[in-house]
Amino acid sequence: MSKKAASIIAGQIRSKPSSVLGLATGSTPLGTYKELIKMHRKEGLDFSRVTTFNLDEYYGLGPDHPQSYHRFMEENFFSKINAKKRRVHIPDGLTKNVGAFCLRYEEMIKQSGGVDIQLLGIGRDGHLGFNEPGSSLGSRTRVKTLTEETVRDNARFFSGQEKVPKLAITMGVGTILDAKKLLLIASGQVKAEAVRDSVEGPVTSSVTASALQLHPHVTCVLDEPASRLLAQKYYYMYVEKVAETIEAEARI
Ligand code: F6R
């Protein structure tokens, strides 16, 4: 899953070295970042002209807080590639004026030319970024209250559930849908229901990832357990095979 996701992102960077990447945190993208780091070291994958925007950050955590997404990105990705600091953007969890900050974040994304490819994980409740169930499918960058389930899920990174911030700054569903391409990655059986509801269920703000169905260019990279409940799974695999065959024939 990670290799496939990394190869899609690398392909984007190679075809447009000044690509704008939307990035995610959490356990799922760790392998993708490792693969991209490997490509940077072994194949010279160049991030020097890339611009990045992260989906979210805990509200109230500064960049030096060990559980902040600033720190996560620095430790797991940015310190190991050649991205330029001035082109890296992560929401400021300590902003004094959160409304103005969120508007500015949206504006910066627009000024950059828009996100070329947005990497996404998915929560067990079907959230994208921190757009918890009930988030408007047209929402923009703002502060959201995390559900108790998300707080419990993320407690593994903190020294106790009570330490997990209850609020986060997150790109909205509308912000995410503005990206030119979306790349959703999910692994493990715990994500199977959320994946099924997002890909095959009705489009509803109760499962914000179902908004992916409204986007013209989405790729879902799933491992076997995460795809287990998809009713059309074998059709999707068949579609991929047919596409590969046509590509191979075109190369002959
Ligand atoms: C984090 C984010 C979240 C995670 C989701 C899954 O930037 O946007 O939506 O992608 O909570 O987290 P993991 O990958 O830890 O299961």
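With respect to Arg71, determine if the residue is among the basic types (Lys, Arg) and either within 16 Å of the ligand (Cβ to nearest atom) or open to solvent by less than 70 Å² (accessible area, probe 1.4 Å) (or both).
yes
Yes or no: the stretch 102-117 includes at least one residue that is crowded, with 18+ Cβ neighbours inside 10 Å and assigned to a strand (DSSP E or B).
yes
Within the stretch 176-194, how many residues are within 12 Å of the ligand (Cβ to nearest atom) and more than 11 Å from the chain's Cα centre (by Cα)?
Total meeting the criteria: 5.
On the given criteria, is Val20 more than 12 Å from the ligand (Cβ to nearest atom) and within 14 Å of the chain's Cα centre (by Cα)?
Yes.
Which of the residues belonging to the stretch 8-49 are open to solvent by 60 Å² or more (accessible area, probe 1.4 Å) and in a helix (DSSP H, G or I)?
Within the stretch 8-49, Arg14, Ser15, Lys34, Lys38, Arg41, Lys42, Glu43 qualify.
What single numbered condition from (1) over 18 Å from the mean Cα position of the chain (by Cα); (2) under 26 Å from Val190 (Cα atoms); (3) acidic (Asp, Glu) fails to hold for Asp64?
For Asp64, the failing item is (2).
Being touching a residue at least 60 places away in the same chain (Cβ under 8 Å) and over 19 Å from the mean Cα position of the chain (by Cα) is the filter here, so list the residues in the stretch 93-121 that pass it.
Thr95, Val98, Phe101
Going through the stretch 26-47 one residue at a time, which ones are of a type in the set (Phe, Trp, Tyr) and either within 14 Å of the ligand (Cβ to nearest atom) or under 15 Å from the mean Cα position of the chain (by Cα) (or both)?
Residue satisfying the conditions is Tyr33 alone.
Could you tell me whether the stretch 146-163 includes any residue that is touching a strand residue (DSSP E or B) at 6+ places or on another chain (Cβ under 7 Å), touching a residue at least 60 places away in the same chain (Cβ under 8 Å) and not aromatic (Phe, Trp, Tyr)?
No - not one qualifying residue is present in the stretch 146-163.
Quick one: Val50 ticks every box in (1) touching a helix residue (DSSP H, G or I) at 6+ places or on another chain (Cβ under 7 Å); (2) within 16 Å of the ligand (Cβ to nearest atom) bar one, so which box is it?
Of (1) touching a helix residue (DSSP H, G or I) at 6+ places or on another chain (Cβ under 7 Å); (2) within 16 Å of the ligand (Cβ to nearest atom), only one is false for Val50: (2).
The values are calculated or read from the model by the stated rules, or taken from the named source; none is laboratory data. In this text, all values refer to a predicted model and were calculated from it rather than measured experimentally. Quick reminder, even Gly has a Cβ in these numbers, built from the backbone with ideal geometry, and neighbours come from all protein chains shown. All accessible areas refer to the heavy atoms of the entire protein, side chains included, with ligands and DNA or RNA removed. Shrake-Rupley method; radii C 1.70, N 1.55, O 1.52, S 1.80 Å.
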